[in-house]
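Have a look at the structure below before the remarks.
The values are calculated or read from the model by the stated rules, or taken from the named source; none is laboratory data. All figures in this text were calculated on a predicted structure; none of them were measured in a lab. As a convention, Cβ positions derive from the backbone with ideal geometry for all residues, glycine included, and neighbour counts pool all protein chains shown. For the accessible areas, the whole protein counts, side chains as well, though only heavy atoms, and no ligand, DNA or RNA atoms are used. Shrake-Rupley method; radii C 1.70, N 1.55, O 1.52, S 1.80 Å.
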Amino acid sequence: MADKTEKKTLHAYAFRALVLFFVIMMIFTATSRVTASLTTARVTVEQPGERRIEHVVNAEGSVEKNRELAVLTEEGILVKTVYAAPGQKVSEGELLAELDTGHLAELIREKKEELDILRLTAENAAAAEEQSRRENRTAKQRALEDAQNALADAQALYDAAAAEQSSASDAYYSYQSAHTADSGNGEVWSQLLALQDAMKAKQTACDDALRRLRDAQIAAARAEADINVSQTNDQTAAISEIQMAQKERELLGLEELLKAGGTVVSPVEGVVTEVFLAVGQLTPGTAAVTLADISSGMCYRAHIKKEDTAYVSVGAEVTLHKNGQKLEGLTVGAVEPGEDGSFDITVYLDAEAPLSIGDAASLEIRQTSGLYRTVVPVSALHVENGSYYVYVAEEEETVLGMQYQLRRVDVQIEEKNHLYAALSEGTVSSEARIVTDTDRYVEAGSRVRLREP
């Protein structure tokens, strides 16, 4: 009876021990699952899909003049009143400024006096030039006559020397011929030497006369050439003529301005961009006023970054935004390098565009790519040493059941914007679970849990 009681007691202990073991195992399992749950990263995954990549370029700019005109007036006139102001829209013929007519009349009187002085100066210069020409012609004629007289004297001198040289030569050779047999006679020999010396002296004199004749011929030829050369004109008279023409034009402009009452008016319909006149000051030699010619249209200009030029080209469609309104149907007219590595975009506007010069507006250019089959969010991309890769979550069997583990996959980027990236086809499958977000640091081989969608 006691043995049966002990066996029952042992079975009871064994059963309780077994139950306790399973309870402990369940506690440990639950604890390990809770621990794994707390230490395992939670990730968001997304499968690649088909999508077009859209690039949006935004910039801030303003409306500017397409063509600018300078309104000119005569220089040095006292400004009485200025009506124009920068930014003011003016019509053709509208009064921009008024000049002092009294000061204008005084300038006209001064210009006339200056013109009279220039005329008198020109007349005196012309008379002096004519007198100089007459004196020059007389001097040249006298020089020619002197040269011709010197030439005649040199010719006569040469002729005489040549005749004497010829006579001395004849006397020597005649005496030599007549006394050939007596050449050994001392008296004959002495006479021959005397005649030979006389012949040499006459030859030297003839040579000197010939050199003088040639010099006289050269001098006469130069004098004759000089008399045919016109005198260099004195440019004083010509300069005076030019100055008079300038003064006459200045005078004509001042007189026409006085007839118009000293007014400065707009030649076209436009917008005043700058005013260079000040009351009480003199008009400048440059523009009095500059105008943006409305009839030639306007343009919008903005600056974009260099990297955005890949999505902007001449002819690309543009949308302008101003105060909640959109102006569509525009195109890029020019893309030019600007300062600091930026680029300037120009959009030409019609005169009828609901914008005014100086208006600020935002630019938007959208460019859409072709259809890509493997597109993921840019948040899925990681980069290392200039190469891109993504993490793919894959299921695997563990002691704790099915779990997800990360695998690194290197990818090639076809095109991307700030939201999406198109991967080369075949890089990842369309069923792959691409990690796009995680609540903690992960790496290849990390076990993760998927967030519920």
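Scanning the range 348-397 for residues that are open to solvent by less than 50 Å² (accessible area, probe 1.4 Å), closer than 24 Å to ASP437 by Cα and in contact (Cβ under 8 Å) with a residue 24 or more places away in the chain yields THR374, VAL375, VAL376, PRO377, VAL378, ALA380, LEU381, VAL390, TYR391, VAL392, ALA393.
Residues that are touching a strand residue (DSSP E or B) at 6+ places or on another chain (Cβ under 7 Å) and either aliphatic (A, V, I, L, M) or modelled with pLDDT under 90 (or both) within the range 375-393 comprise VAL375, VAL376, VAL378, ALA380, LEU381, VAL390, VAL392, ALA393, listed in sequence order. Can you work out which of the residues in the range 374-419 that are in a helix (DSSP H, G or I) and not polar (S, T, N, Q) is nearest to the chain's Cα centre (by Cα)? Restricting to residues being in a helix (DSSP H, G or I) and not polar (S, T, N, Q), the top hit is VAL378. For the range 420-453, the set of residues classified as of a type in the set (Asp, Glu) and outside any loop (DSSP other than H, G, I, E, B) consists of ASP437 only.
Suppose the filter is out of contact with any Leu (no Cβ under 8 Å at 6 or more places or on another chain) and over 30 Å from GLU328 (Cβ atoms); does ASP410 pass it?
Working: out of contact with any Leu (no Cβ under 8 Å at 6 or more places or on another chain): yes; over 30 Å from GLU328 (Cβ atoms): yes.
So ASP410 fits the description; yes.
Here LYS322, LYS306 are screened, and the one residue that is touching a Phe, Trp or Tyr at 6+ places or on another chain (Cβ under 8 Å) and charged (D, E, K, R) is LYS306.
The residue pairs whose first member lies in the range 234-260 and is open to solvent by less than 60 Å² (accessible area, probe 1.4 Å), whose second member is outside any helix (DSSP H, G or I) and among the aliphatic types (A, V, I, L, M), and whose beta carbons are closer than 9 Å, counting only pairs six or more residues apart or on different chains, are LEU254/ILE77; LEU257/ILE77; LEU257/LEU99; LEU257/VAL264. Scanning the range 266-300 for residues that are closer than 30 Å to GLY61 by Cα and of a type in the set (A, V, I, L, M) returns VAL268, VAL271, VAL272, VAL275, LEU277, ALA287, ALA288, VAL289, LEU291, ALA292, ILE294, MET298. Against the list (1) out of contact with any helix residue (DSSP H, G or I) (no Cβ under 7 Å at 6 or more places or on another chain); (2) more than 30 Å from VAL188 (Cα to Cα); (3) open to solvent by less than 80 Å² (accessible area, probe 1.4 Å); (4) not hydrophobic (A, V, I, L, M, F, W, C), the condition ASP153 fails is (3).
Conditions first: (1) in contact with an Asp or Glu (Cβ under 7 Å, 6 or more places away or on another chain); (2) assigned to a loop (DSSP other than H, G, I, E, B); (3) not small (Gly, Ala, Ser). LEU355 passes all but one, so which condition is the exception? Every condition holds for LEU355 apart from (1).
Here VAL314 meets each of (1) open to solvent by 60 Å² or more (accessible area, probe 1.4 Å); (2) of a type in the set (A, V, I, L, M); (3) touching a helix residue (DSSP H, G or I) at 6+ places or on another chain (Cβ under 8 Å) with one exception, condition (3).
Condition check ((1) surrounded by 15 or more Cβ atoms within 10 Å (Cβ to Cβ); (2) under 26 Å from ASN417 (Cα atoms); (3) free of Cβ contacts under 8 Å to residues at least 12 places away in the same chain) across all residues:
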position: LEU277; (1), (2), (3): yes, no, no
position: GLY280; (1), (2), (3): no, no, no
position: ALA287; (1), (2), (3): yes, no, no
position: ILE294; (1), (2), (3): yes, no, no
position: CYS299; (1), (2), (3): yes, no, no
position: GLN325; (1), (2), (3): no, no, no
position: VAL332; (1), (2), (3): yes, yes, no
position: VAL335; (1), (2), (3): yes, yes, no
